[in-house]
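Student: Dumping the structure here so I can ask a few things about it.
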Amino acid sequence: MEEQQYKLLDGKAVSAQMKQEMAEEVAQIKAAGGKIPHLAAILVGHDGGSETYVASKVKTCNEIGFKSTLIRYESDVTEEELLRKVDELNNDPDVDGFIVQLPLPKHISEQKIIEAIDYRKDVDGFHPINVGRMSIGLPCFVSATPAGILELLRRYEIPTRGKHCVVLGRSNIVGKPMATLMMQKAYPGDCTVTVCHSRSENLKEMCQSADIIIVALGVPEFLKGDMVKDGVVIVDVGTTRVPDASRKSGFKLTGDVKFDEVAPKASYITPVPGGVGPMTIISLMRNTLLAGKKAIYK
Ligand code: GUN
């Protein structure tokens, strides 16, 4: 079999371009005397991944010219205290959008917190009103990872209409919304979508017939070369920290795709890191800009 030359879906480059576009728009808003978009983030505890993500979100806000506020709690914060802060942010006219970084400690109900957020400020798109509006194709905040993946497919002009898209994983944050979006009557979209997960019996056969595979299982190097067909488009959402003593950080960010085996068969593939990760953060920024402009909800 002849190996084909794959192209990288370069999330780092695309997100840098989007950042530039948004920075210019914020500068124009500022020059016209408009309101600077303001994102607030609540971070509970000291989970390594969450610390990194939130720090990166705050940094990107600053680079674009948004206002940002980081609110920190220790992991013994009560649900009541957190709900009070959510209520305060809901009612703060200066805050356009805010997020509560997940996961939360076991004694706090994530669902209760999510549902307490005013859906008009829910730039994560996790509130049931935003999820519901997305699923019936109404204007809403689309959660950042699926929105980022759509933008990546759009900017690389990946054909999607009529294609078989296999989504691996059924999480509320990625798998489910991704499947919904890829089947919607739109571009990117119009796919025939199959969702596979840990209980699927014919996962390999499904993947072998896929034109596009979006992998969001959180299982390092799960997707192997013999599971895909030639010319497949691969989107790898995995970002597991696998211990690596040779690195200063002590870990290696590892995707859900065995890159060395799959890439030679792919037409397009996202790297890890530098693929979906930067697109996720920039999509949150996009939602913040939309919130600041009251572009979705008044
Ligand atoms: N944890 C993992 N991904 C996300 C995300 O997109 N938003 C929030 N708030 N928490 C997360």
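Just so it is clear, none of the values below were taken in a lab; they were calculated from the coordinates. For clarity, every value in this text was computed on a predicted model and none was experimentally measured. Positions of Cβ are generated from backbone atoms using ideal geometry, with glycine treated the same way; all protein chains shown enter the neighbour counts.
Student: What number of residues within segment 110-151 satisfy the criterion of being near the ligand (Cβ under 10 Å from one of its atoms) and basic (Lys, Arg)?
Tutor: Total satisfying the criteria: 0.
Student: Within the bounds of segment 10-19, is there any residue that is within 16 Å of the ligand (Cβ to nearest atom) and of a type outside the set (Lys, Arg)? Steps first, please.
Tutor: Here is the first cut: in segment 10-19, the residues within 16 Å of the ligand (Cβ to nearest atom) are 11, 15.
Subsequent filtering for residues that are of a type outside the set (Lys, Arg) retains 11, 15.
Checking segment 10-19: at least one residue is within 16 Å of the ligand (Cβ to nearest atom) and of a type outside the set (Lys, Arg).
Student: Of GLU80, GLU51, which residue is farther than 30 Å from LYS298 by Cβ and within 13 Å of the ligand (Cβ to nearest atom)?
Tutor: Values: GLU80 fails: within 13 Å of the ligand (Cβ to nearest atom).
Checking each option against the conditions leaves just GLU51.
Student: Checking the conditions here, which among LEU138, LEU152 is hydrophobic (A, V, I, L, M, F, W, C) and in contact with a Ser or Thr (Cβ under 8 Å, 6 or more places away or on another chain)?
Tutor: Working: LEU138 fails: in contact with a Ser or Thr (Cβ under 8 Å, 6 or more places away or on another chain).
Only one candidate passes the filter, namely LEU152.
Student: Same structure again: Looking at (1) within 13 Å of the ligand (Cβ to nearest atom); (2) more than 26 Å from GLU25 (Cβ to Cβ); (3) touching a helix residue (DSSP H, G or I) at 6+ places or on another chain (Cβ under 6 Å), find the lone condition where PRO103 falls short.
Tutor: So the condition that PRO103 fails would be (3).
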